[in-house]
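Heads up: the structure comes next, in structure tokens.
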Amino acid sequence: MPSTPFAVSPANIAEWIPGFAWGVWLPYLIGALVLAIGLITIKNDFLQKQGLDKIVVLGPVFFAVPLAVFGAEHFTATPVLAGMVPRWLPWHTFWALFVGACLIAAALSIAVRKYAGLAAALAGVLILLFELFIHIPNVVGNPHTRIALVVALREPAFAGGAFAVAATMGEGWKRQLRHAFATLARFLIAICIAFMGVQQCMHPELAPGVPLVKPTPQWVPAHSFWGYPIGAIYVLIAISLLLNKEVRRVATWLGLIILLLVLLLYLPIVIAIPGDIANGLNYLADTLLLCGAVLALAGTRDQNSS
């Protein structure tokens, strides 16, 4: 099973072009470009905020960057991604490329804040379509495979993050519509976070954040311990979100915790194995996408009182 809905094995992406390994480095370049654009766009808002509110401002940017990374992978590993398209759909290669273009377009739209609400909402629908046509059938076909279930119950959190971005960036949208998107995002993220927390406690040896198949590296002190406290935090915060209590505060703190995991755990992994997209960059992007989703949920409280 892939570590992300778009992940591929290293053997399939290491396609070298003379002078430059585009198959490896294009996702990095596209992701870095979206990150730079997003940071420039939010610079003024970031400087005006105080304390942890600064982190909340970064939520949509952190959400956009992984979308761009995964979108780029559709162009560097097209045959592999085309193989994930449901058999009953024609033109598998077309859909792989089309989805990649849609993800990159959504990421850029969110980063520059142009039609960002619409782009985020459509991205959320697209992710739910992945869930319906790819991940749920995988669970049905592999009912005893843990990773299939984890992936299927992870995707709604990403869709919820997209809907949270839509709620905060839907310019001209009615308050009721923003509230509906924010409420849907809260439930989707809370349910998925609760499931991930339980999985993390059941498998504490797995790298925390999104507990897939990668173990926590041996160089992490007490590497088999961290799954327990992080899993417990996930469950407690999920309960608070479901009860609609202190949503902005708990979502902000959870976003900060996940961001620290990205910086202290997954970034060093990527630096150590930059060419191994499936075991490095995809895990970082996956975790950063969850971070962006949670912080975007915190940002919805700028439009809706907690």
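The values are calculated or read from the model by the stated rules, or taken from the named source; none is laboratory data. None of these values were measured; they are calculated from a predicted model. Glycine gets a Cβ as well: all are built from the backbone with ideal geometry, and neighbour counts include every protein chain shown. Surface areas here come from the heavy atoms of the whole protein model, side chains and all, with no ligands, DNA or RNA. Shrake-Rupley method; radii C 1.70, N 1.55, O 1.52, S 1.80 Å.
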Pop a pseudo-label 7 angstrom from the Cα along the beta-carbon direction at both A272 and F46 and give the gap in nm to one decimal.
2.8
In whole Å, how far is the Cα centre of the stretch 184-224 from that of the stretch 53-124?
24
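What's the FRET efficiency of T93 with F133 using the Cβ-Cβ distance as r and R₀ = 25 Å, to the nearest 0.05? Could you put the intermediate results ahead of the total?
On the way: r = 17 Å, r/R0 = 0.67.
After rounding to 0.05, the efficiency reads 0.90.
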What are the residues whose amide H is under 5 Å from the amide H of L206, where those residues sit 5 or more places off or on another chain and H is modelled from the backbone?
T216
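Keeping every protein chain present and rolling a 1.4 Å probe, give me the accessible area per residue for the chain in Å². The partial results should precede the final answer.
On the way: 13500 Å² over 306 residues.
I get 44 Å² per residue for this part.
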Mean Cβ neighbour count within 10 Å, used as a protection proxy, ranking 94-102, 214-222, 157-165, 268-276 highest first:
157-165, 94-102, 268-276, 214-222
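Report, to the nearest whole %, how much of the accessible area of the chain belongs to carbon and sulfur atoms, 1.4 Å probe, protein only.
Working: 9630 of 13500 Å².
With neighbouring chains kept in place, the figure for the chain is 71 percent.
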Mind ranking 126-134, 108-116 by how tightly packed they are, going by the mean number of other C-beta atoms within 10 angstrom, highest first?
108-116, 126-134
Helix runs (DSSP H) in the chain reaching 18 Å along axis by Cα, Kyte-Doolittle at least 1.0:
22-41, 59-76, 92-112, 116-130, 155-169, 227-242, 247-261, 281-299
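What percent does the relative contact order of the chain come to when contacts are Cα pairs within less than 8 Å and at least six residues apart?
23
Can you order the peptides 234-241, 44-51 by their average number of other Cβ atoms within 10 Å per residue, highest first? Don't jump to the answer; show the numbers that get you there.
On the way: 234-241: 20.4, 44-51: 11.0.
Most protected by this proxy first, the peptides run 234-241, 44-51.
Sort R301, R154 by heavy-atom solvent-accessible area, probe 1.4 angstrom, most to least. Write out the running numbers ahead of the final one.
Details: R301 40, R154 0 Å².
In descending accessible area the options line up as R301, R154.
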Taking just the alpha-carbon atoms of the stretch 135-294, what radius of gyration and Dmax come out, in angstrom?
16.0, 50
